[in-house]
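This report refers to the structure that appears directly beneath it.
The values are calculated or read from the model by the stated rules, or taken from the named source; none is laboratory data. From a predicted model like this one, the values you see are computed outputs, not experimental measurements. Glycine also receives a Cβ, built like all others from the backbone with ideal geometry; neighbour counts cover every protein chain displayed.
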Amino acid sequence: MSRSKSVLTQLLQIFPQWRPQMYFKASLTALSHAMEDQVLAGSEQPLVIASFQRERFYRQEAQRYRRIAQKSNQVYVLAAPEAEFKNCSQEYETIAFAPDDTLTTEWHLVVLGSSYASCLICQEKGIPGRQQMTASVDNNRRFEGMSTFDRQVTQYAAHILLDTIVEYRPELKEKVQIAREKYLPPDIASQMVIQQGETDNTTWDVTHNNPDPFVQRLVTYLQAGQYKLLKANRSLAAKEQKERLINSVTTAIRLSLDPDEILQIAVQKLGEGLGVCRCLVYRCRETDTTATIEHEFLNQGIASIKGQTWPLKHNPLFQEVVELRDALTINNATRDSRLTDTAEEGKLSGKSLQILVNSCSILSWMLVPILYRGRLLGMLELHHCGPKPMTWKEDDVGLVNAIATQIGVALIQAEAYANLQDLNEQLEALDRTRSNLVAITGHELRTPLSTIQVCLESLASEPDMSPELRQVMLNTALQDAERMRKLVQDFLTLSQLESGRVEWNIEALNLHECVELSLSNVRARHKETPLPKIENRVKDELPLVKADGEWLVEVLAKLLDNACKFTSEEGKISLEVSCNNPYNLEVTVADTGRGIEPKRLETVFDRFYQEEGALRRSAGGTGLGLAICRQIVRGWGGKIWAESQGKDHGSQFHFTVPIYADQIPSQISRPAMSHSHQLRKKAKGKSKKTS
Ligand code: ADP
């Protein structure tokens, strides 16, 4: 058995002109206690009907009702059972109503004596569903209804409730009848019908009969206090929710060091937390023309704009955010002047922006920059797509700003981590190279050193050795000593170049003169060995180049040395310079020697590379020459590369040197080389240092 019509509704039908009041739980508690105290303090035997919503609320008051029952034998307590509450006739009558009875939403207290009458008939508003009943939630419970000392109203309320009591406990019919006879007028049922039929347009304040203004004041005071408390609780709850959202976004993004993951988590959490239609985040810099939307949160039914290109450079909204370094909000995109004005030069017109706004159904817009120490890293955008525009609250902007700051920090951390990883990889590579170098250099030094040691030991321990053999021993020791010296020298040169500790003396140079100089160096070095024919096809009428003369001669000499080394006497070496573009000259040293396998054309520039293999090297060469050449050419911004048709098909080494800028684009026929003499001197010094 359950009833669906509340007592309040029934009373309002009788008195349609009534305006129910709003009561907080604390006020109702105070009023109930005042009414109960009146019974306890008096000498009457009143009718008392108390309807509690649930057993737990009744249990808090059970002790009072035991005392009230000592005053009167007409006490009825109603509640929805939760544990022990049931229909019972002991000190007073208890009535357990059905859990779906509308009484579960109502709070009633009716006190009807001969000298006083009061009633409190209320219904709870916005009953917290599954929400946990914390102390603050409980105190904020609100009720709508009336509290009155009006005897007639109290009698009607008693009549309705007594009917309900008999419905639930028919065995109490006789006891209830006694109550009716004692406390209610005999014709109350028919009076109720007449009252319902009457129309009275004046609003009737049900409290007008209140005999005690003090109680009335107390209620007003309590109500006001409770209202303030409610407001404070609401703002605290909003703050708490904001803090919780920031914390959850921060925790989630801090767990990742992947920028894409950070942005996706942030956009998702923020979108969900604020319940906006669309939330976007994209990376951008102030100078970017456009950005691609890569991360997006969408509420149900909202169209995706992921992958779209978003205008930045000519977008006045973006530019405003960049300038302000602060969030920008638009409550109603259809009315905002920035979206309706005609375009300033170089900016998207309001109309074009309006097209964008329409295509994305943006009605209310928030743009928040993601900054780190003033540097723009990206943008967060919140879109509300209607149906009505919304007003962005300061709190919302503050919250999105706080989250944008966290995203900024997380992005920088991720960037730093990625750099650190790169650095680690570079360090590992360097460490590997260093180990290889130590192994190879160790071998390179040990081999000639062992030969020198054997030769010198033999010379010392064999006094009877023939003069010819003695000479051979001495020559071998001297050759290997020279090889060691060269190796150490090349190694030092290379490490100097690689570490950038070289001072470049860039000047305007005549290539023809440099080639001549390197040729004379090579010839001087090989004067005791027959050389292949060397053909110098470098013309005198070339533009000046911009390079360090000493190092340029060094490159030429090393390439010529190699060509001589790997070409038989019968072969041929040629030197050429071509001018293929206005910016640099291309020098080619070609030979008809042993050639290079195509797959080795790059490797030959590695340190210690020799075709025979690093550790099975025959005498001659250090394996560092081409690595040095590459470093030198890179020093002036040129390129060096090798070409060959393969084994025994000769090789060509090419490198580029920039043309001296003053001559571009006009070609200079005859360079004035006033310092050629000086260069010759310097080149000699360098070849001494490095050869
Ligand atoms: P090395 O002192 O051994 O000549 P380089 O760095 O100058 O050291 O050259 C590395 C390797 O490249 C040589 O050992 C050789 O195998 C190959 N190479 C260099 N120049 C030529 C060339 N002109 N013809 C054939 N192979 C060459």
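Brief remarks on what is shown
- Any hit, the stretch 109-116, residues being assigned by TED's automatic domain parsing to the domain that holds residue 61, under 60 Å from the mean Cα position of the chain (by Cα) and at pLDDT 90 or above: yes
- Any strands (runs of 3 or more DSSP E) falling wholly within the stretch 250-341 and containing at least 3 residues that are modelled with pLDDT of 95 or more and hydrophobic (A, V, I, L, M, F, W, C): none
- Residue count for the stretch 513-530 under the criterion of being touching a residue at least 40 places away in the same chain (Cβ under 8 Å), crowded, with 18+ Cβ neighbours inside 10 Å and either of a type outside the set (A, V, I, L, M, F, W, C) or more than 20 Å from residue 659 (Cβ to Cβ) (or both): the result is 5.
- Within the stretch 529-540, tally of residues that are out of contact with any Asp or Glu (no Cβ under 6 Å at 6 or more places or on another chain) and more than 16 Å from the ligand (Cβ to nearest atom): 4
- Residue match in the stretch 663-679 (condition: at pLDDT 90 or above, charged (D, E, K, R) and either away from the ligand (no atom under 16 Å from the Cβ) or over 16 Å from residue 549 (Cβ atoms) (or both)): no
- Residue 364 vs. criteria over 23 Å from residue 238 (Cβ atoms) and not hydrophobic (A, V, I, L, M, F, W, C): no
- Total residues in the stretch 410-426, condition of a type outside the set (S, T, N, Q) and surrounded by 15 or more Cβ atoms within 10 Å (Cβ to Cβ): 4
- Residue in the stretch 77-85 that is in contact with an Asp or Glu (Cβ under 7 Å, 6 or more places away or on another chain) and part of a helix (DSSP H, G or I) present: no
- Some residue of the stretch 412-433 being modelled with pLDDT of 90 or more, part of a helix (DSSP H, G or I), farther than 24 Å from residue 490 by Cβ and touching a strand residue (DSSP E or B) at 6+ places or on another chain (Cβ under 9 Å): yes
- Selection within the stretch 41-55 - within 21 Å of residue 164 (Cα to Cα) and surrounded by fewer than 18 Cβ atoms within 10 Å (Cβ to Cβ): 54
- Test: residue in the stretch 603-623 that is aliphatic (A, V, I, L, M) and modelled with pLDDT of 80 or more: yes
- Close pairs from the stretch 551-567: first over 14 Å from residue 497 (Cβ atoms), partner charged (D, E, K, R) and more than 6 Å from the ligand (Cβ to nearest atom), Cβ under 8 Å, at least 6 apart: 553/686; 561/525
- Picking from residues in the stretch 624-649 that are of a type in the set (Gly, Ala, Ser), within 12 Å of the ligand (Cβ to nearest atom) and at pLDDT below 95, the one that is nearest to the chain's Cα centre (by Cα) is 627.
- Hits in the stretch 436-479 - residues which are β-branched (Val, Ile, Thr) and surrounded by 15 or more Cβ atoms within 10 Å (Cβ to Cβ): 440, 441, 447, 451, 452, 476
- When the stretch 379-400 is filtered for residues that are under 22 Å from the mean Cα position of the chain (by Cα) and surrounded by 14 or more Cβ atoms within 10 Å (Cβ to Cβ), the ones remaining, listed by number, are 379, 380, 381, 382, 383, 384, 396, 397, 399, 400.
- Out of 4, 27, 51, sole residue that is of a type outside the set (Asp, Glu) and assigned to a loop (DSSP other than H, G, I, E, B): 4
- Residues in the stretch 294-335 that are of a type in the set (D, E, K, R), surrounded by 13 or more Cβ atoms within 10 Å (Cβ to Cβ) and touching a residue at least 24 places away in the same chain (Cβ under 8 Å): 294, 296, 313, 326.
- Those strands (runs of 3 or more DSSP E) lying entirely in the stretch 541-598 with at least 2 residues surrounded by fewer than 19 Cβ atoms within 10 Å (Cβ to Cβ) and more than 9 Å from the ligand (Cβ to nearest atom): 572-578, 584-591
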